[in-house]
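For reference, the structure is listed below as structure tokens.
Readers should treat all values here as calculations from the given coordinates under stated rules, not as data from a laboratory. Just so it is clear, the model here is predicted, and its values are computed rather than measured. Cβ: placed from backbone, ideal geometry, glycine included. Neighbour counts: every protein chain shown.
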Amino acid sequence: MDLGLIGRRAAVAASSAGLGFASAAALANEGAQVVICGRDRARIDDAAARIGHGCIALVHDVRDAAGGAGFVAAATEALGGLDIVVANAGGPPPGTFASTPVEWYDAALDLSLMSVVGMAKAAIPAMQAQKWGRFVAITSVSVRQPIPTIILSNTARAGATGFLKTVALEVARDGVTVNTVQPGLHATDRVTSLYGADASAAASGIPAGTIGDPADFGSIVTFLCSDQAKFVTGLQFHVDGGGYAGLQ
């Protein structure tokens, strides 16, 4: 299937590894011009080389609204405009209500909510003006079903989901779609840091019997950026092997 992405200009945040990298690679494989970012020059250059297809690597920290907006501005300059933004950032530290100090919440909200706000504010008005755009945020299935050990992520990503649902309704008439993709457990460094080296042990509670493949996840993000997905907006799409048990 031709997804209509050849020549489209895409920026994928926090993409030196994990689900961000997988999303950038999938977009590049479909013919998009891709800019990626990370905090470490060597790692992000290596990621760009592995993605290929002329992928451009930028050193940028999207830890807050200014960082998110700065990345979008730099990617826009590099490509002469943007058609697609995949908002992503590393997760806040794990913790419970009892173990998490109040002062940690500001940094978590900056990282997982305000960085998304910054990217959206910097990217979406230009997409509206050109009457075509795709904004996809990688959040977490914990938005639907909070995970007890990551209260900071549960809190901040829920805020990002509410923000993006609101934006989706405001910009739909302008040819711009806004969606979130909510991963469950996938084979990434983040999951290893939370569950240990044998992350597959965490799959015992997943109906599919395994944790997810990041490459498959990247393909889902890429479809949401396609021409065929023009009628899909305001969606919160969970990708979790059946782990979420609710009806909605």
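Only aspartates and glutamates eight or more places from Lys131 in sequence, or on another chain, were considered; those with a Cα closer than 18 Å are Asp83, Glu170, Asp174, Asp227.
What FRET efficiency comes out for the pair Asp174/Asp2, r = Cβ-Cβ distance, R0 = 30 Å, nearest 0.05?
0.80
With R₀ set to 25 Å, the beta-carbon distance separating Lys165 from Ala126 gives a calculated FRET efficiency near 0.75. Checking every one of the chymotrypsin sites (Phe, Trp or Tyr not before Pro) in segment 78-108 against DSSP loop status and a limit of 14 other Cβ atoms within 10 Å picks out Phe97. Note on the chain: GNM, Cα springs under 10 Å; of Phe231, Phe21, Phe217, the largest mean-square fluctuation is that of Phe231.
Its Cα gyration tensor gives the chain an equivalent ellipsoid, and the semi-axes of that ellipsoid, as √(5λ) in whole Å with the largest first, are 26, 19, 19.
Net charge in the neighbourhood of Thr180 (other residues with Cβ under 12 Å of its Cβ; Lys, Arg +1, Asp, Glu -1) is +3. As a length-normalised measure over Cα pairs under 8 Å and 6 or more apart, the relative contact order of the chain settles at 21 percent.
Here the chain is treated with +1 on each Lys and Arg Cβ and -1 on each Asp and Glu Cβ, and its dipole about the Cα centre works out to around 400 debye.
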